[in-house]
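First comes the structure, then the notes that go with it.
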Amino acid sequence: MTVLRKNLIDGEWLGEAGSRNINPSNTNDVVGEYASAGPEEAKQAIAAAKAAFPAWSRSGPLARHAVLKKTSDEIMARKDEIGRSLAREEGKTLAEGVGETIRAAQLFDFFAGETLRLSGELVPSVRPGVGVEMTREGVGVVGIITPWNFPIAIPAWKIAPALAYGNTIVFKPAELVPESAWTIVDILHRAGLPKGVLNLVMGKGSVVGQAMLDSPDVNAISFTGSVGTGKRVAAASVEHMRKFQLEMGGKNPLVVLDDADLAVAVDCAINGAYFSTGQRCTASSRLIVTEGIHDRFVDAVKERLDKLVIGDALDAKTQIGPVVDQTQLKQDEDYIAIGRQEGAELAFGGDRLEREAPGFYLRPALFLGSTNAMRISREEIFGPVANVIRVKDYDEALAVANDTPFGLTSGICTTSLKHATHFKRNSEAGMVMVNLPTAGVDFHVPFGGRKGSSYGPREQGRYAMEFYTTVKTAYTFAG
Ligand code: ADP
């Protein structure tokens with residue numbers, strides 16, 4: 001029997017059964033049943049967060065530290081169970097699910113520490129006898145809207161700083177991954193958050209998310225998801241003159257130069273393009289390879305692809321789990337067909353796989369002979385699909401890498417200090433990796449991109465403060 005998970009509104013668990021959560025590795029397996037909020041519940045949640053803000057914003061560091069630290073400790077203690085549940089509902093492997101859960105614990109721990117490090121500045125005024133103080137305050141009610149691909153880490157990296165800096169929250173997770181969202185809210189609630197400080201409204205983006213966008217009482221929105229929805233968040237936020245922060249797609253290049261260590265380059269490509277079933281905004285979807293290493297690199301990547309174990313996310317041997325759902329699978333297959341129509345050569349995979357249980361299994365796909373003008377090079381696919389673009393030298397590689405509407409991450413595999421340094425300085429991306437996969441980042445440093453990938457201040461690390469606080473400059477005349 002499945003348990004009904006409810007929404008948390010003003011400290012109460014509320015709601016009737018609304019949607020079922022299906023395991024993408026085995027569509028016969030129902031993970032659970034979840035309440036689905038409507039516009040009324042969204043309004044109640046926003047009102048509760050608004051009412052809770054004055055007291056929470058003045059609560060002081062100790063109360064916030066206690067909740068965040070307790071949350072971190074519980075997540076860490078339950079990492080295997082939560083990681084398994086995450087893998088079951090999203091389809092990433094057990095190792096990835098547990099790794100992501102540990103990261104969530106680390107994020108709460110980091111921001112627990114930050115509550116004790118809040119500081120301001122005190123400077124003399126240009127006017128004699130006057131002092132100037134610069135301090136930071138919470139922004140108010142923060143709307144947090146998250147996608148399905150990192151069901152616990154993304155909520156954690158938004159909720160933890162929002163709470164640390166004294167904001168109250170209305171949290172709307174993606175429809176496909178309510179269990180991870182519910183778990184993190186349950187832990188925070190039991191860790192002692194006052195009622196109304198954190199509200200969970202599971203439900204449809206077009207209903208609950210839209211109600212958040214349309215509310216004048218939501219003072220800031222932090223969003224991660226598609227470019228299309230990001231633009232709606234932006235337009236609605238401008239209408240209400242509220243702060244907003246967007247993390248959207250990527251079309252991240254991994255440059256492989258002739259002088260690269262082949263084993264390192266192949267590791268970076270396999271990990272960056274295909275792990276987490278390619279469902280990462282930081283995935284390396286364009287492999288930009290110079291002529292001298294092209295054939296050796298392609299052969300070695302194909303050999304590795306052939307050995308990857310694709311299967312049930314909960315099987316410890318699995319290296320690549322299923323695609324998250326039928327809609328995403330169709331999108332992946334559509335792009336594979338588009339790539340072939342555009343004249344790229346499908347050199348590996350791209351076909352559906354049958355496993356013991358019914359699931360959304362796709363063999364990782366590799367295209368060769370693609371150009372940077374093709375749709376498969378320009379549009380985010382969000383699946384285990386990558387294409388190789390052959391270039392003559394470093395200069396062409398850099399130009400191709402930067403020729404994209406996105407700018408989240410980029411990577412280069414080279415043993416040349418000159419090219420590595422030049423690439424770090426000239427790559428038009430928010431995060432640049434040298435001899436590392438484009439995906440896989442630390443939890444304590446800024447995350448974010450440029451161009452069509454991101455908008456607003458960076459997330460994570462101390463830089464998160466920029467979004468979740470507002471600066472006050474106070475003047476005092478003391479004679
Ligand atoms: P993805 O491709 O990751 O599903 P979406 O942008 O569709 O990207 O979804 C990201 C998040 O945005 C999800 O939580 C989704 O429910 C939410 N969302 C979708 N449509 C809207 C909307 N109109 N207003 C607010 N949030 C929305």
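In table form, for the structure just shown:
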read-out	value
Length gained when the stretch S416-V30 is fully extended (0.36 nm per residue, less Cα-Cα span)	133.9 nm
J(HN,Hα) series, the stretch 115-125, from Karplus relation 6.51 cos²θ - 1.76 cosθ + 1.60, nearest Hz, glycine and proline x	4, 8, 10, 4, 9, x, 10, 10, 9, x, 6
Under-5 Å amide H pairs with I389, H placed in peptide plane, nonlocal only	L287, I288, V289
Nearest-ten-degree value, helix 262-274 long axis tilted from longest Cα axis of the chain	60
Above-threshold pairs, the threshold being 21 Å between Cα atoms, out of K92/K317; K43/K172; K69/K195; K251/K424; K302/K424	K302/K424
Cα-based shape type of the stretch 256-387, given that a ≥ b ≥ c are square roots of the gyration tensor eigenvalues and the cut on a/c is 1.5	oblate
Gained length - R20 relative to I338, 0.36 nm times residue gap less alpha-carbon distance	111.2 nm
Sequence of R88, R286, R103, R304 once ranked by neighbouring C-beta atoms within 10 Å, starting from the fewest	R304, R103, R88, R286
Net charge over other residues, Cβ less than 13 angstrom from the Cβ of V388 (K, R count +1; D, E count -1)	0
Förster radius 60 Å - calculated FRET efficiency between Q319 and A55 (Cβ-Cβ, nearest 0.05)	0.80
Peptides ranked, highest mean first, by Cβ atoms within 10 Å: ranges 288-301, 221-234	221-234, 288-301
L436 long-range amide H proximity, modeled H, under 5 Å	I412
Calculated FRET efficiency for the pair E121/H444, C-beta based, R₀ 30 Å, to 0.05	0.85
Ordering of 349-356, 197-204 by packing [mean C-beta count within 10 Å, highest first]	197-204, 349-356
Approximate spin-label separation V264-N435, in nm, with each point projected 7 Å along Cα-to-Cβ	0.3
Cα-based helix-to-principal-axis angle, 227-239 vs the chain, degrees rounded to 10	30
Principal-axis tilt of helix 417-426 within the chain, Cα atoms, nearest 10 degrees	50
Distance between modelled label sites at K451 and E291, nm, 7 Å Cα→Cβ extension	2.5
In order through the stretch 251-261: 3J(HN,Hα) via Karplus (6.51 cos²θ - 1.76 cosθ + 1.60), integer Hz, x for Gly, Pro	9, 6, x, 10, 8, 10, 9, 3, 8, 5, 6
Note, ³J(HN,Hα) from phi for the stretch 16-24, Karplus 6.51, -1.76, 1.60, rounded to Hz, x at Gly and Pro	9, 4, x, 9, 9, 10, 9, 6, x
N199 long-range amide H proximity, modeled H, under 5 Å	I169, V170, F171
Order by protection proxy (mean Cβ within 10 Å, highest first), peptides 172-182, 9-19	172-182, 9-19
Net charge over other residues, Cβ less than 13 angstrom from the Cβ of D73 (K, R count +1; D, E count -1)	+3
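Read-outs throughout are calculated quantities, based only on the coordinates presented, and are distinct from any laboratory measurement. Just so you know, these numbers come straight off a predicted model, no measurement behind them. Positions of Cβ are generated from backbone atoms using ideal geometry, with glycine treated the same way; all protein chains shown enter the neighbour counts.
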